[in-house]
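First the structure, in the form of structure tokens, and then the observations on it.
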Amino acid sequence: MSEKLPAKRRGRMNPYSEDEITRALMTLAFSRNATEAAELLKQQGEISPTPDTLKKWRDQHQARYIELVEKHRETIEKVLVVEQRELARAARDGAMEAVELERERIAAKDVKDAAGSARNLMTTAAIAIDKLMALEGRPSSVVKHLSGEQVLRELSQYGVKVIEGSATEIVDGE
């Protein structure tokens, strides 16, 4: 094992200094996961803990890790927003490819469950429209609270005729 460590690290119980552990925890805080953080640290060439070591450090130095995350919360959240946008674009692209593939299958009459295809495509369309409306600040649904008179007035604008009169209830057996 000591052969794998740089000369300055051989013989130490923990081959990493507290500053190196802090730098590693910071990298972990900004990374998607421990594997990505380990790869970034390795590319930087100074230290190269394994993903398992990074997870262990996160647990062993929990207070320090939380402090780092809190201290850099705004920047971390900005990174997360960018990543969520990228994820949304990738998902959108995948959905568009899936819709196009399904349309090709329908055109080729190679669909085993046409109703399922229609349902899935309409669900996809409804979700996309709903999200588009939200992004544009437009309502995705309209709720009206109208009196009976207001409903009749609106219906009359569409040519619906109202018949004036009264009704008498007829009970069976009378």
Practice task
Among the residues of segment 69-87, write down those that are basic (Lys, Arg) and farther than 19 Å from Arg58 by Cα.
Solution key: Lys78, Arg85
Handout entry: Exclusive hit being at pLDDT below 85 and in contact with a helix residue (DSSP H, G or I) (Cβ under 7 Å, 6 or more places away or on another chain), set Val111, Val162
Key = Val162
Problem - Pairs with Cβ under 9 Å, 6+ apart, first in segment 82-105 and assigned by TED's automatic domain parsing to the domain that holds Ala128, second of a type outside the set (Val, Ile, Thr) and at pLDDT 90 or above - result: Glu104/Asp110
Problem - Members of segment 114-127 found to be without any contact (Cβ under 8 Å) to a residue 12 or more places away in the chain and in contact with a helix residue (DSSP H, G or I) (Cβ under 8 Å, 6 or more places away or on another chain), listed by number - result: Ala114
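The values are calculated or read from the model by the stated rules, or taken from the named source; none is laboratory data. This one's a predicted model, so the numbers in the text were calculated from it and none came from an experiment. In this analysis, Cβ positions are derived from the backbone assuming ideal geometry, glycine residues included, and neighbour counts consider all displayed protein chains.
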